[in-house]
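The values are calculated or read from the model by the stated rules, or taken from the named source; none is laboratory data. Here the structure is a predicted model, which means the values were calculated and not measured. All Cβ positions, glycine included, derive from the backbone under ideal geometry; neighbour counts span all protein chains shown. Side chains included, ligands, DNA and RNA excluded: accessible areas come from the protein's heavy atoms. Shrake-Rupley method; radii C 1.70, N 1.55, O 1.52, S 1.80 Å.
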Amino acid sequence: MTLKEGQRVKLAADTRLTDWAAMTEDSSTSRGAVAGSLSLAAGTEGTVERVVEHDHQSQEVREYERLKSLLDAFGHEMPTESRRQLEEKVGSLEPEWIAYQEQGRRVTVRVRLDNGFILDDTHEDVFTPA
C-alpha cells in the first residue's frame, strides 16, 4: 500500500508512544527518565501531510546491479576467464540482492491526526485508508 498526501487515514491498531527526557537536579548531573507515554486508539483518523520513500540500497546491492548489467550486456564478448571472474563476483553479491528484493521499499509518512497530534516518520503500515 502506498499512501498519498492529502489522503484520509486511520490508525490500524492501538499505538503507545513513549519518550525520554533528560532530568537534571543541577548542571553537573543528568539522567534519563521516562517523561510519560501516550496511547492513541485504533481508528483515530487524520490526514497524510507527507510521504517519503526511502532508498535502502547498500553498496553491495548497487555493485551487484552494476556488475550484473555489465555481464548481461558484454559477457558474451568477454574472454572466458574474465567472464568467469565476473560471474563469480555477481554470484557472491547475489544474497545481498535477494535480501534487498525481499525487503521491499520503506515508506514513512507524516500524519496530522484530527485530535491535533502529529505522527512523523511513521511506517505507512501503521495506517489504513479511512
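For LEU17 and ASP55, the FRET efficiency from 1/(1 + (r/R0)^6), where r spans their Cβ atoms and R0 equals 25 Å, is about 0.40. Considering only PHE127, VAL107, LEU71, the residue lying farthest towards the positive end of the dipole of the chain is PHE127, judged by Cα position with unit charges set on Cβ.
Calculate, for GLU63 and VAL107, the FRET efficiency according to 1/(1 + (r/R0)^6) with r their C-beta to C-beta distance and R0 35 Å; round to the nearest 0.05. In this case the efficiency is close to 0.90. Within the shell of other residues whose beta carbon sits under 10 angstrom from the beta carbon of ASP121, the net charge comes to +1, with Lys and Arg scored +1 and Asp and Glu -1. Note on SER37: accessible area is roughly 60 Å² with a 1.4 Å probe, heavy atoms of protein only. On the principal axes of its alpha carbon atoms, region 28-130 extends 66, 48, 18 Å, with the longest extent given first. In a reduced charge model with +1 at each Lys and Arg Cβ and -1 at each Asp and Glu Cβ, the chain shows a dipole moment near 300 debye about its Cα centre.
The C-alpha atoms of the chain define a longest principal axis, and helix 59-74 lies at about 30 degrees to it. Relative to the dominant Cα principal axis of the chain, helix 80-103 is inclined by about 20°.
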